[in-house]
Amino acid sequence: MSWQVAKPIANILAKAADGGGIERDEALKLMRVDRLSREFYALLETANRLSRERFGDKGEVHFHIGVNVDACPMDCSFCSLTRQAGIFKEKREFSEEQILEWAKMAEGQSADALNLMTTGTYSFQRLLELGRMLRRSIRTPLVANARDISHQEGEQLLEAGFVGFYHAVRLGEGRDTPFKPEQRIETIKVLKDVGLLWMNCVEPIGPEHDVEEIVDLMFLARRYGATYSGAMRRINFPGSPMEKYGMVNDLELAKVVAVSRLVMGDIPRAHCTHEPQTTALLAGANLLFPEVGSSPRDERADSSHGIGRGADECSVMLRQMGWDPDRPSNCF
């Protein structure tokens, strides 16, 4: 029995190993590799080695706070916080005291960043106020996760103390969401213009998404120079309209993480996966997201009582897989 990796795949992996990136047709070939084949494990090893060489074994922990719950009228099909989901019927905004308590907890657990997530209709001015309040109290870098923004709003975020902005063209954008991909890309351009770090992920991945759509978003992240990218699977909340499609398993997510890592090459400062799980940490991912407050993947208002993992738990997971969360962040 031959133990060699098929030559076409071996050639792609050899090309990718130095961080120069790969072509779209090569990424598609890797995405079609059988999850139980030698080629699959060679793919994971190549992505894993590239990340460890580039990131110096640093494991990143970026703490997520969902600051409000709302029956969002944007009605993205994969989100539990929408009006159509019918889970949350009343608006709820976590208090400044609660948000500050979470932020200080994150800082005390040596989180590398603090991500503030808001629903689509949340007050932008209120987000700025939260940024200013936190900037006076903690030193952890602030990242916003909000609606599309203008140049002026980007500059206001910088003035309020934010250094980064999470933003993704989602899989199914314009089909499962009311947003046009072009609109999302305009915001990415705003971030690059004003000097906010662009944080990204290929998401939310489900079995219904074809490899071409997934790979195209990998190359979007490369083309616009994401500070980090990676892959997140869709989590089906109870009653989700996407339940009929099922969810991708850990092995499939790890494959997307690995291919995305090879596409990104020497561009990113970190590579993410979500929800936190160890398989992807062998596939080039080194960034995990603990969660408190609202989450578009949970039916509970505070995800720390649901699917959210704690910062300490994420740090343990990173250490178990040979990543060091105590080193300084590469992202900021």
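General remarks:
- Residues located in segment 1-17, provided they are among the charged types (D, E, K, R) and touching an Asp or Glu at 6+ places or on another chain (Cβ under 8 Å): Lys15
- Pairs, first under 21 Å from Ser80 (Cβ atoms) in segment 174-187, second part of a helix (DSSP H, G or I) and modelled with pLDDT of 95 or more, C-beta under 8 Å, six or more apart: Gly174/Pro181
- Verdict on Phe78 being touching an Asp or Glu at 6+ places or on another chain (Cβ under 7 Å), assigned to a helix (DSSP H, G or I) and not β-branched (Val, Ile, Thr): no
- Test: Gly239 is among the small types (Gly, Ala, Ser), in contact (Cβ under 8 Å) with a residue 12 or more places away in the chain, surrounded by fewer than 20 Cβ atoms within 10 Å (Cβ to Cβ) and over 18 Å from Arg24 (Cα atoms): yes
- Matching entry among Ala254, Ala285 (being modelled with pLDDT of 95 or more, farther than 19 Å from Gly56 by Cβ and among the hydrophobic types (A, V, I, L, M, F, W, C)): Ala254
- All positions within segment 274-295 that are buried (at least 24 other Cβ atoms within 10 Å of the Cβ) and either in contact with a helix residue (DSSP H, G or I) (Cβ under 6 Å, 6 or more places away or on another chain) or aromatic (Phe, Trp, Tyr) (or both): Ala280, Ala283, Gly284, Ala285, Asn286, Leu288, Phe289, Pro290, Glu291, Val292, Ser295
The rows are residues; the columns are (1) touching a residue at least 60 places away in the same chain (Cβ under 8 Å); (2) under 22 Å from Leu142 (Cα atoms); (3) over 12 Å from the mean Cα position of the chain (by Cα).
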residue	(1), (2), (3)
Leu217	no, no, yes
Ala231	no, yes, no
Val256	yes, no, yes
Gly265	yes, no, yes
Gln277	no, no, yes
Ser295	yes, yes, yes
Asp298	yes, no, yes
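- Any hit, segment 242-253, residues being touching a Phe, Trp or Tyr at 6+ places or on another chain (Cβ under 7 Å) and under 17 Å from Glu26 (Cα atoms): no
- All of Arg319, Arg300 fail the test of being charged (D, E, K, R), more than 24 Å from Gly172 (Cα to Cα) and not in a helix (DSSP H, G or I), apart from Arg300.
- Per-region count, segment 117-127, residues over 22 Å from the mean Cα position of the chain (by Cα) and of a type outside the set (D, E, K, R): 2
- Selection within segment 246-273 - outside any helix (DSSP H, G or I), surrounded by 24 or more Cβ atoms within 10 Å (Cβ to Cβ) and not β-branched (Val, Ile, Thr): Pro268, Ala270, His271, Cys272
The values are calculated or read from the model by the stated rules, or taken from the named source; none is laboratory data. What you are looking at is a predicted structure, and each value in this text was computed from that prediction instead of being measured. Quick reminder, even Gly has a Cβ in these numbers, built from the backbone with ideal geometry, and neighbours come from all protein chains shown.
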